[in-house]
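Everything below concerns the one structure shown next.
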């Protein structure tokens, strides 16, 4: 029962669009599939790191307020940066492989997006401290963590393949520029709200 509650809460959180979702959508619609998949693996890796920390019970971070504050400001700045880059992106055709965000590593872009989002660490620590019993063995908690890490990657890859479909891309091609602008405003809003 514990696993079902944990997996359900985690999956519902995956369904709600956030920073990583907008980054995946942007990369999928504007870049080749391999770049979007690299973003997914980066996001999943950062989530796996936080899940591992939660599984191992590193509650020390929760008590180190300066670490959370630093993470919050770094994450806020990063979200604002990505949002500004999206707002500055020029309107281009989907069929071109021009970069809208000039990055060397899409894996790193995804990793930093998830790692610098303080909501991720708070979410995983909250999830494990509220739902998972202290009597649950480390072995079982590791299995929970592996499942959650896989679920993040599977969901993100599903979104990439859904939006990466040529028919879907063609239908959305007219709206991509507007989607980018909305995503930019949303990311900047997330960044500013985290600073407050």
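The values are calculated or read from the model by the stated rules, or taken from the named source; none is laboratory data. For clarity, every value in this text was computed on a predicted model and none was experimentally measured. Note that each Cβ is placed from the backbone with ideal geometry, even for glycine, and that neighbours are counted across all protein chains shown.
Can you pull out the residues in the stretch 16-28 that are surrounded by fewer than 22 Cβ atoms within 10 Å (Cβ to Cβ) and in contact with a helix residue (DSSP H, G or I) (Cβ under 8 Å, 6 or more places away or on another chain)? Answer for the stretch 16-28, where residues must be surrounded by fewer than 22 Cβ atoms within 10 Å (Cβ to Cβ) and in contact with a helix residue (DSSP H, G or I) (Cβ under 8 Å, 6 or more places away or on another chain): 18, 21, 25. Between 22, 3, which is in a helix (DSSP H, G or I), at pLDDT 80 or above and within 28 Å of residue 167 (Cα to Cα)? None of the others qualify; the one that does is 22.
Filtering 52, 86, 33, 37 for residues that are over 26 Å from residue 145 (Cα atoms) and modelled with pLDDT of 85 or more leaves a single hit, 33. Is it the case that some residue within the stretch 90-97 is modelled with pLDDT of 65 or more, over 15 Å from the mean Cα position of the chain (by Cα) and either surrounded by 15 or more Cβ atoms within 10 Å (Cβ to Cβ) or within 24 Å of residue 171 (Cα to Cα) (or both)? Checking the stretch 90-97: at least one residue is modelled with pLDDT of 65 or more, over 15 Å from the mean Cα position of the chain (by Cα) and either surrounded by 15 or more Cβ atoms within 10 Å (Cβ to Cβ) or within 24 Å of residue 171 (Cα to Cα) (or both).
Residue pairs whose Cβ atoms lie under 6 Å apart, separated by 6 or more positions or on different chains, with the first residue in the stretch 127-153 and closer than 14 Å to residue 51 by Cβ and the second assigned to a helix (DSSP H, G or I) and modelled with pLDDT of 95 or more, are 149/48; 152/44; 152/47; 153/44.
Residues that are under 21 Å from residue 111 (Cβ atoms) and surrounded by 19 or more Cβ atoms within 10 Å (Cβ to Cβ) within the stretch 138-148 comprise 145, 148, listed in sequence order. Scanning the stretch 162-173 for residues that are farther than 16 Å from residue 15 by Cβ and in contact (Cβ under 8 Å) with a residue 40 or more places away in the chain returns 164, 169, 170, 172, 173.
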